Structures are given as structure tokens and as C-alpha cells.
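Chemist: Take this structure, written in C-alpha cells, and hold onto it; I'll ask about it next.
The values are calculated or read from the model by the stated rules, or taken from the named source; none is laboratory data. As the structure is a computational prediction, the values presented were derived from the model and not from experiment. Every residue, glycine as well, gets a Cβ built from its backbone with ideal geometry; the counts of neighbours run over all protein chains shown. Ligands, DNA and RNA are excluded from the accessible area calculation, which covers all protein heavy atoms including side chains. Shrake-Rupley method; radii C 1.70, N 1.55, O 1.52, S 1.80 Å.
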Amino acid sequence: MRLFVAVLPPVVALQGLFDAVAPVRGLPGADRLRWTTVEGWHLTLAFLGQVQAERLPELETGLAAVAEAHPVHRLRIAGSGRFGDRVLWAGIEGQTWALRRLAEAVAEATADVTGETDAFAFHPHLTLARAGSSRGHRRAVQRVAAAELDALAAALADYRGPEWEAAELHLMKSDLDGGFAHYESLRSWALADWS
């Protein structure tokens, strides 16, 4: 199974972002991007890659312990940017220090499964669109210029969505179908409520 660990924003936060993104999709260069669906918007804490089913109990035990040790925290989807000339993203504000600690703990708890022991780099974001063609897509999509990605990011730069509570950690499964990813939450754990 292809797995990752994530925090899922609530519907109200996703709806606000969806409404903000809709007009941006009509701007120059936007038609050459592969836009992600609302169902695919999440905050990836750690990508685990291909994981054998027999490793699931070990993963679940580790993630349950992480959730018990990290508190619920307040976030909002805000701002935007790009990674190089490949990805357009929406950013996160609020108690991002708590989100970062959660991501670091998840990476540590899953290191035996992933084999990742390198320095941890975490940039909280939701991927909105990618440049390039998808697998299985017959026609090549023209590359979007960096200046066009900058213009798309600038159009969302002032966006500030509603504040929401990050209260659960999710073990997610990713299936590729015709080059497009479909996500399913296999298991979730409530974060600690220290209020």
C-alpha cells in the first residue's frame, strides 16, 4: 500500500479555499496545470511510500502514541506560493509550531518503516496544482512559466480562510488511477485535548 500521514482540514476550511481558487483557475497559465480536487487537499506530515500490510500494526501503534502526546491546535489556510516551476500551493497559519512538532514526531515514529533518517524538512501546505502532464495523459501539457505561477500564487496571496481545529491524525492510503491520486483515510487518532 502507498501510505502517508496527514491532517485533514474540515469542510468549512476546504469550502473557503475552493471558493477562493475558483476564479484563479481562469487566469493565464492556469489551464496548463493539473488542478487537485478538494478531496485531495490535506496537510501531509510524512510520506511513507510503499508499506507492506504486515507493518500496519507497528505503524498504528507508533501513530497512536504520537497522537496521545501532541495537542489539538488552531490553524487556518492562508496565503500561497510555489515550489519551483512545478507546484502551486496554499499555505497555513496559526499554531504552526504545534503542527511542525507533530510532523517531526510522525517522521520519527515512522522512520523504521520508511527508512528515512535524514534531516527533517517540513513546509505545511495544501497542493493546489501541478505543472506537467499526468501519467496516462496522451497529450503533453505545455510547461507553465515561473512568472505565470507567480501570478497565480499572487492572486491567492491575501487569502485568509476560517480558523479551524486540527484535532486528528490520519493514516492515508493513496491509489493512482489513470495518473490521478485518490485518497482514503485508513485510520485516525484524536490528538490530545489539553484544554
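Chemist: Could you check the stretch 29-67 and list, in sequence order, the residues that are among the β-branched types (Val, Ile, Thr) and surrounded by fewer than 15 Cβ atoms within 10 Å (Cβ to Cβ)?
Modeler: Of the residues in the stretch 29-67, the ones among the β-branched types (Val, Ile, Thr) are 36-38, 44, 51, 61, 66.
Once the filter is applied, which keeps residues that are among the β-branched types (Val, Ile, Thr) and surrounded by fewer than 15 Cβ atoms within 10 Å (Cβ to Cβ), the stretch 29-67 yields Thr37, Val38, Thr61.
Chemist: Hey, another quick one. If you check every pair at least six apart or on different chains, which have Cβ atoms under 6 Å apart with a residue in the stretch 22-40 that is under 23 Å from His170 (Cα atoms) first and a residue that is open to solvent by 40 Å² or more (accessible area, probe 1.4 Å) and assigned to a helix (DSSP H, G or I) second?
Modeler: Close Cβ pairs (under 6 Å, with a partner that is open to solvent by 40 Å² or more (accessible area, probe 1.4 Å) and assigned to a helix (DSSP H, G or I)) amount to Val38/Phe18.
Chemist: Sticking with this one: If a residue counts only when it is touching a Leu at 6+ places or on another chain (Cβ under 7 Å), among the aromatic types (Phe, Trp, Tyr) and at pLDDT below 90, which strands (runs of 3 or more DSSP E) contained entirely in the stretch 89-181 have at least 2 such residues? Before you say what the answer is, go through the steps one by one.
Modeler: Working: elements: 125-131, 164-166, 168-177.
Qualifying strands (runs of 3 or more DSSP E): none found.
Chemist: For the stretch 63-88, give me each residue that is modelled with pLDDT of 95 or more and among the hydrophobic types (A, V, I, L, M, F, W, C).
Modeler: Those that are modelled with pLDDT of 95 or more and among the hydrophobic types (A, V, I, L, M, F, W, C): Leu63, Ala64, Ala65, Val66, Ala67, Ala69, Val72, Leu75, Ile77, Ala78, Leu88.
Chemist: Mind listing whichever residues of the stretch 182-193 are touching a helix residue (DSSP H, G or I) at 6+ places or on another chain (Cβ under 9 Å) and in a strand (DSSP E or B)? Steps first, please.
Modeler: From the stretch 182-193, those touching a helix residue (DSSP H, G or I) at 6+ places or on another chain (Cβ under 9 Å) are 182-183, 186-192; that's our starting set.
Correct list: His182, Tyr183, Leu186, Arg187, Ser188, Trp189, Ala190, Ala192.
Chemist: Still on this structure: Look at Phe4 and say whether it is assigned to a strand (DSSP E or B), open to solvent by 50 Å² or more (accessible area, probe 1.4 Å) and closer than 19 Å to Asp112 by Cβ.
Modeler: On the way: assigned to a strand (DSSP E or B): yes; open to solvent by 50 Å² or more (accessible area, probe 1.4 Å): no; closer than 19 Å to Asp112 by Cβ: yes.
No: the conditions fail for Phe4.
Chemist: Something else: I'm trying to understand the selection: among the residues of the stretch 70-88, which are more than 18 Å from Leu169 (Cβ to Cβ) and assigned to a strand (DSSP E or B)?
Modeler: The first filter runs over the stretch 70-88 and keeps only residues more than 18 Å from Leu169 (Cβ to Cβ), leaving 76-88.
Hits for the stretch 70-88 are Arg76, Ile77, Ala78, Gly79, Ser80, Gly81, Arg82, Phe83, Val87, Leu88.
Chemist: Please list, ordered by first then second residue, the pairs with beta carbon atoms under 8 Å, 6 or more apart or interchain, first in the stretch 66-87 and under 13 Å from Ala153 (Cβ atoms), second open to solvent by 10 Å² or more (accessible area, probe 1.4 Å) and of a type in the set (S, T, N, Q).
Modeler: Hits for this filter: Val87/Thr127.
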